[in-house]
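A.B. asks: The structure is given below, and queries will be raised subsequently.
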Amino acid sequence: MTETQHNLRTNETIETLLNRRSIRKFKPEAIDEQTVATLETVAQHAASSQYLQDWSAVRVEDQALKDAIAEICCQTYVAEAPLLYIFIADEHRNAAVAERKGVKVHSDEFTLNSSYRFTQAQNDAVLALHAMETAAFSLDLGCVILGSVLNDPRKLIELLHLPEFTYPVLGLAIGKPDQSPALKPRMERDDQFFADRYPADDTELLHGLDAFDDSVHKYYDLRNTSRPVDAFSDQIANNAVDTGVFSRSVKPVAEDQGFRFDR
Ligand SMILES: Cc1cc2nc3c(=O)[nH]c(=O)nc-3n(C[C@H](O)[C@H](O)[C@H](O)COP(=O)(O)O)c2cc1C
């Protein structure tokens with residue numbers, strides 16, 4: 001526990017959440033069936049907007065497929081994850097459900113392909129993934145979430161044979177941890193939680209920034225232990241300038257997949 005966490009209420013769930021950290025090195029040991037069933041069932045029990053349950057996940061079992069996804073991610077540990085999931089915003093299944101009830105899914109009456117439904121499905125997928133991640137940590141497994149699967153969404157869609165009205169959201173790599181990274185610091189609670197209104201001036205908003213920059217700069221990422229990570233401000237400044245990856249918008253690919261964004 002960090003200094004600022006001393007006054008918190010605690011129990012096993014809270015300890016699991018407070019000790020959560022990304023794990024990027026896994027023991028080469030398979031995860032047993034019962035654990036897999038548990039993690040997947042927990043994910044299914046996450047909340048679902050309007051009960052649409054409009055997400056799915058592909059469990060990537062084939063090593064060649066894992067390798068191809070690791071290549072998209074530019075992260076070798078993805079190929080070494082004993083369990084690897086790609087979570088998907090999925091209106092395809094509900095389109096098939098609605099079609100059986102007579103809805104014409106290729107006409108204007110079909111609305112599960114609109115931009116709002118897309119974000120709704122994405123939210124559900126993220127909540128399910130987070131439930132799975134928490135459950136995995138509680139079972140002493142390690143995980144890392146993978147936004148990098150979207151480095152090349154078209155390739156990923158092709159690899160996983162994702163049909164119309166689906167879109168990949170995030171990956172989750174899971175395994176027995178083979179590293180023990182330090183907890184990565186978080187900003188002061190007051191800099192992220194506000195009472196009633198957003199702070200009026202940015203000086204107030206950033207009052208804890210220098211101290212936070214300092215604490216982040218003392219953290220060593222196990223991906224590169226030769227130097228401490230950049231201060232938070234430097235990381236944000238670097239991310240605030242487009243280096244190419246994020247200039248590829250989700251929208252055109254999502255439109256190829258049958259989602260409508262301009263209504
Ligand atoms: C949406 C999302 C995408 C992420 N994508 C990646 C990724 O592609 N590769 C990776 O190594 N870590 C990824 N991470 C993990 C973050 O880097 C990590 O959560 C963050 O640095 C904080 O560190 P911690 O998880 O150890 O507290 C991602 C996290 C989130 C929430």
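Laboratory data are not the source of any read-out in this text; all were calculated from the coordinates shown. Bear in mind that the values here come from a model prediction, so they are computed numbers and not experimental data. Every residue, glycine among them, receives a Cβ derived from its backbone with ideal geometry; neighbour counts consider all protein chains shown.
A.B. asks: Per-residue HN-Hα couplings for the stretch 224-239, Karplus 6.51 cos²θ - 1.76 cosθ + 1.60 at θ = phi - 60°, whole Hz, x for Gly and Pro?
C.D. replies: 8, 8, 6, 8, x, 5, 5, 4, 3, 4, 5, 4, 5, 4, 5, 6
A.B. asks: Please report the Cα spread of the chain along all three principal axes, rounded to whole Å, starting with the longest.
C.D. replies: Projected onto its principal axes, the Cα set of the chain covers 59, 50, 39 Å.
A.B. asks: Can I ask one more? Please identify, among 225, 13, 76, the residue showing maximal mean-square fluctuation in a Gaussian network model of the chain using a 10 angstrom Cα cutoff.
C.D. replies: 225
A.B. asks: Highest mean first, how do 116-126, 208-218 rank when packing is the count of other Cβ atoms within 10 Å averaged over residues? Walk me through the numbers before you get to the answer.
C.D. replies: Details: 116-126: 20.1, 208-218: 15.3.
Listed from highest to lowest mean packing, they are 116-126, 208-218.
A.B. asks: How far, in degrees from 0 to 90, does helix 63-73 lean away from the longest principal axis of the Cα atoms of the chain, to the nearest 10?
C.D. replies: Tilt of helix 63-73: around 60 degrees.
A.B. asks: If you don't mind, there's one more thing I want to ask. Anything over 28 Å Cα to Cα? Flag those among 104/251; 176/251; 66/101; 66/218; 25/155; 27/251, in the order listed.
C.D. replies: Violating the 28 Å Cα-Cα cut-off are 176/251; 66/101; 66/218; 27/251.
A.B. asks: Where the centre of each part is set by its Cα atoms, how far does the stretch 10-50 sit from the stretch 99-150, in angstrom?
C.D. replies: 17 Å
A.B. asks: Once Lys and Arg get +1 and Asp and Glu get -1 on their Cβ, which of 249, 144, 156 lies farthest toward the positive end of the dipole of the chain?
C.D. replies: The residue sitting most towards the positive pole is 156.
A.B. asks: Step through the residues of the stretch 203-215 one at a time and calculate ³J(HN,Hα) from phi using the Karplus curve (6.51 cos²θ - 1.76 cosθ + 1.60, θ = phi - 60°), rounding each to whole Hz and writing x for Gly and Pro.
C.D. replies: The phi angles translate into 5, 5, 4, 9, 4, x, 5, 4, 5, 5, 3, 4, 5 Hz.
A.B. asks: Additional query: Would you mind telling me which residue in 85, 220, 198 has the biggest mean-square fluctuation in a Gaussian network model of the chain, where springs connect alpha carbons within a distance under 10 angstrom?
C.D. replies: It is 198.
A.B. asks: How large is the dipole of the stretch 11-92 about the Cα centre if only Lys and Arg carry +1 and Asp and Glu carry -1, each at its Cβ, rounded to the nearest 20 debye?
C.D. replies: Around 400 debye, computed over the stretch 11-92.
A.B. asks: OK, next. Each residue of the stretch 30-38 in turn: what ³J(HN,Hα) in whole Hz from Karplus with 6.51, -1.76, 1.60 and θ = phi - 60°, glycine and Pro shown as x?
C.D. replies: 5, 9, 5, 4, 5, 5, 4, 4, 5
A.B. asks: Give the long-range amide H neighbours of residue 219: residues separated by 5 or more places, or on another chain, with amide H under 5 Å away, using H modelled in the peptide plane at 1.01 Å from N.
C.D. replies: 229
A.B. asks: Would you mind checking which residues have amide H under 5 Å from residue 83's amide H? H placed 1.01 Å from N; only 5 or more apart, or other chain.
C.D. replies: Amide H neighbours of residue 83, under 5 Å, 5+ apart: 174.
A.B. asks: Distance from the Cα centre of the stretch 207-244 to that of the stretch 56-76, in angstrom?
C.D. replies: Going from one Cα centre to the other spans 28 Å.
A.B. asks: Collect residues whose amide H, placed 1.01 Å from N in the peptide plane, falls under 5 Å from the amide H of residue 26; neighbours closer than 5 in sequence don't count.
C.D. replies: 178
A.B. asks: So for each of 32-40, 166-174, 128-136 I average, over its residues, the number of other beta carbons within 10 Å; can you give me the resulting order with the highest mean first?
C.D. replies: 166-174, 128-136, 32-40
A.B. asks: Follow-up. Of the residues 224, 19, 113, which exhibits the maximal mean-square fluctuation in a Gaussian network model of the chain defined by a 10 Å Cα contact cut-off?
C.D. replies: 224
A.B. asks: Beyond 17 Å, how much of the Cα-Cα pair distribution for the stretch 82-176 remains, as a whole percent?
C.D. replies: On the way: 2508 of 4465 pairs.
Of all Cα-Cα distances in the stretch 82-176, 56 percent exceed 17 Å.
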